[in-house]
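Everything on this sheet refers to the single structure shown next.
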């Protein structure tokens, strides 16, 4: 398993993989539960996570990422509109 290879290689360089902070993700069109172990500890399998501002989804599509980005943009626009109104600037 890839996680064990990363752990073994990290050990060679004096680095330790934290089993409490490490999560794994299986990406496919169908949801699958996998038992992932790191040493004697079972790793948590996550459905989504945010990496460099984008949502990496288990479903291997970009729907959640697009929805998140649209929501962030709408929130920023609302904040900007409120700021412009507050200071008497023309509304956008």
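Coordinate-derived values only; no laboratory data. The model shown is predicted, which means the values in this text are computed figures rather than measured ones. Quick reminder, even Gly has a Cβ in these numbers, built from the backbone with ideal geometry, and neighbours come from all protein chains shown.
Computed from Cα positions, the angle between helix 2-12 and the longest principal axis of the chain comes to roughly 80 degrees. With a Förster radius of 22 Å applied to the C-beta separation of residue 57 and residue 22, the computed FRET efficiency comes to 0.70.
Antiparallel beta bridges, as assigned by DSSP with both residues in the chain, represent about 75 percent of the total such bridges.
Each of 84, 43, 15 was scored by other Cβ atoms within 10 Å of its Cβ. Listed from fewest to most, they are 15, 84, 43.
Tell me the label only: which of (i) 41, 18, 9; (ii) 22, 16, 11; (iii) 42, 22, 9 is semi-axes √(5λ) of the Cα gyration tensor in Å as calculated from this structure? Correct label is (i).
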